[in-house]
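Structure, as structure tokens:
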2 protein chains.
Amino acid sequence: MANDLTMQQSIEELRNFFEEKIQLTEFTNQPERLYEPIHYIMQLGGKRVRPVCTLAAAELFGKSPGDAINQAIAVEVFHNFSLVHDDIMDEAPLRRGHATVHKKWDENTGILSGDAMMILAYQYLSKNAGTRLNVLFSNFSRTAIQVCEGQQYDMDFEQKPTVSLDEYLGMIELKTAVLLGESLRLGATIAGASDIDLDLIFEFGKNFGIAFQLQDDILDLYGDPEKFGKQVGGDVMACKKTYLFAKAHAIANESQKNELVDTYNKTNIENAEKIEQVKAIFDNLDIRNRAKADMNTFYVNAGIALNSISVEDSRKKILKNFAESLMVREL
Amino acid sequence: MANDLTMQQSIEELRNFFEEKIQLTEFTNQPERLYEPIHYIMQLGGKRVRPVCTLAAAELFGKSPGDAINQAIAVEVFHNFSLVHDDIMDEAPLRRGHATVHKKWDENTGILSGDAMMILAYQYLSKNAGTRLNVLFSNFSRTAIQVCEGQQYDMDFEQKPTVSLDEYLGMIELKTAVLLGESLRLGATIAGASDIDLDLIFEFGKNFGIAFQLQDDILDLYGDPEKFGKQVGGDVMACKKTYLFAKAHAIANESQKNELVDTYNKTNIENAEKIEQVKAIFDNLDIRNRAKADMNTFYVNAGIALNSISVEDSRKKILKNFAESLMVREL
């Protein structure tokens, strides 16, 4: 571990630092049609959770955020590559309130600009990596391919009438949670953290990522639409298998199972009526509270991993507060 | 440079060695839908020119092909990634006489499996790379992004009524030639070649790659259809700007230029008639011979680069013969 323990910055300061750097990053180049969409999606903003994690993890282990800025850019470029390609696959028209790349340009542009972004991500990953390139590279590559596997499972699930809890948890671990763990591990690697601490910070991010996704699933049906700006029950309308569905399916008896699968996969029914019917089944099985309890288990496991890291506790407050700020109290 | 100069193997032996290894390589994994298309495209065969170049370059500098097998697999997986995505963009139904991935499965599968292949390519690149990872990585990444740039220029050209010689040569250098140079450089890097020799072998591959593409353009219009199994004039029919077109446009006078652009971009005309008209313009400007002369210049430049490499000439015969075998005598 590095000795020069720096003053830690708040999440807001780290986010501002990243935002400043990313605005200065030249993604524009020739041919225009390849690089303009990259510039476009990278400047669209978003919460920048992953790169902030990279910077915060570097600081946790005593390095300044500037030392891990290239790896933070790498993880944000990779994340945006996956959004560009996923949006094509999901035929999504909007991303962060703006036209998706394949809508603003076309599908071919989305495919090719996405490809270029993945290569750019690898290039940033290697910048100022020094002797740590090997470790960064092999961990990042494993995570990157897991993200693809997760997306495939997610698409596979659309064709299945039902998914088990293990299947669902496996999917979100791959599709979203490991990249959060990886974001933290990249920063910790740059800062020279020990192998044990690298495992722990990855576990922290992975478990927090799962908790966060479960929260997302719960909010989709039970969240305040005015507060979260989302239509209530969007997942139910789209027959999208969520944790709520998988949990209900796992604890239901035979007849409840059949009713759940039938109702959930209905498409020839008014949305409001379908949501009401699904909610009634969920209520009957106390799914909202059970899902919250499971979410909390992952959240607690994340905290345990963070607590076990061999850094003085006072330095962990920033990541702890960050995680807490991303969890909704009113759930 | 390594001292243990091995007995060199013939191109045929290297190709068999690679084919054996690739057949043993496990691309199958879970989820099936992600990995099955990778297995499919990788087993479809093809000439394996790029990985054979990697192995031959390693041998040229005294290493055994086995030492560079992972980098050879990397370059072949990357090449096939680009084919899978290009075939989607070009809406191509066939590849090597079989259904393309997006036709056999669907576009989403093609996008995602292609993404996974690019990551797999990076993983193979790093295997047994030791201290050379940094150099392999930065060269490979630069080339990879250039391949994307070349594909974008190629698509851009479809929307343009005309392209200049420089534009066309720049495009094929990026889209196809640099990857051939990179294939050779990867093998040479693994074998510990000097920086000067790395540059030279890259130049050999790049210039040969351009010559090969010019040959392809010439054969499309002037090749023996029975011999090459291709329809004569396919590029002309598709209004695809080739070296023949760019060369004609570069040397034509104003009225010839206008006639060329008009005729070449016609779509409301019988194919046979259009080909005849375009051929008449080309003949008038002696384009076939001029293109052949230019092709030969690149071929000669490739030979000069190969000759300058600091390895005894007898060891260069295999690569020289390989290049020669890929050039058509009857052109």
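We did not get these values from a lab; they are worked out from the coordinates using the rules stated. Worth saying up front: this structure is predicted, and the values here are computed from it rather than measured. As a convention, Cβ positions derive from the backbone with ideal geometry for all residues, glycine included, and neighbour counts pool all protein chains shown.
Nearest 0.05, what FRET efficiency do B:ALA272 and B:ILE304 give at R0 = 45 Å with Cβ-Cβ as r? Taking R0 as 45 Å, the efficiency between B:ALA272 and B:ILE304 is 0.60.
Would you mind getting me the FRET efficiency between B:GLU19 and B:LYS127? Use the beta-carbon distance for r and R0 = 30 Å, nearest 0.05. Walk me through the intermediate numbers first.
Numbers: r = 19 Å, r/R0 = 0.63.
The formula returns an efficiency of 0.95 here.
The fraction of all Cα pairs in region B:14-148 landing in successive 5 Å bins from 0 to the largest distance is 2, 10, 20, 23, 20, 15, 7, 3, 1, given as whole percents. A run of chain B free of exposed loop cleavage sites, with GluC sites (Glu not before Pro) counted only in DSSP states other than H, G, I, E and B and at most 13 other beta carbons within 10 Å, reaches its longest extent at B:92-269.
Karplus-derived 3J(HN,Hα) values for region A:209-219, using 6.51 cos²θ - 1.76 cosθ + 1.60 with θ = phi - 60°, are x, 5, 4, 5, 5, 4, 4, 4, 5, 5, 4 Hz; glycine and proline are entered as x. Converting phi to 3J(HN,Hα) with the Karplus coefficients 6.51, -1.76 and 1.60 and the offset θ = phi - 60°, region A:136-152 yields 4, 5, 6, 5, 4, 5, 4, 4, 4, 6, 5, 4, 5, 4, x, 4, 5 Hz in sequence order, with x at every glycine or proline. My understanding is that a pair violates if its Cα-Cα distance is over 21 Å; which of B:LYS206/B:LYS257; B:LYS240/B:LYS279; A:LYS247/A:LYS279; A:LYS127/A:LYS206; B:LYS206/B:LYS292; A:LYS104/A:LYS160 do that in this structure? Over 21 Å apart, Cα to Cα: B:LYS206/B:LYS257; A:LYS127/A:LYS206; A:LYS104/A:LYS160. In order along region B:15-22, the phi-based Karplus estimate (6.51 cos²θ - 1.76 cosθ + 1.60, θ = phi - 60°) of 3J(HN,Hα) comes to 5, 5, 4, 5, 4, 4, 5, 5 Hz; Gly and Pro are listed as x. Per the Kirkwood formula applied to alpha carbons, region B:132-221 shows a radius of gyration over Rh ratio, Rg over Rh, of 1.05. Only aspartates and glutamates eight or more places from A:LYS320 in sequence, or on another chain, were considered; those with a Cα closer than 15 Å are A:GLU12, A:GLU59, A:GLU203, A:GLU312.
The reciprocal of the average 1/r between distinct C-alpha atoms defines the Kirkwood hydrodynamic radius, which for chain A equals 20.9 Å.
Among rounded, prolate and oblate, which fits region B:75-183 when a ≥ b ≥ c are the square roots of the eigenvalues of its C-alpha gyration tensor, a/c under 1.5 means rounded, and a/b larger than b/c means prolate?
Values: a/c = 2.56, a/b = 1.17, b/c = 2.20.
In terms of gyration-tensor shape, oblate.
Each listed q (0.07, 0.08, 0.10 Å⁻¹) maps to a log10 I(q)/I(0) for the protein assembly as shown from the Debye sum over equal C-alpha point scatterers, namely -0.53, -0.68, -1.00.
A Gaussian network model of chain B, with springs between Cα atoms under 10 Å, assigns the largest mean-square fluctuation among B:PHE61, B:PHE282, B:PHE78 to B:PHE282.
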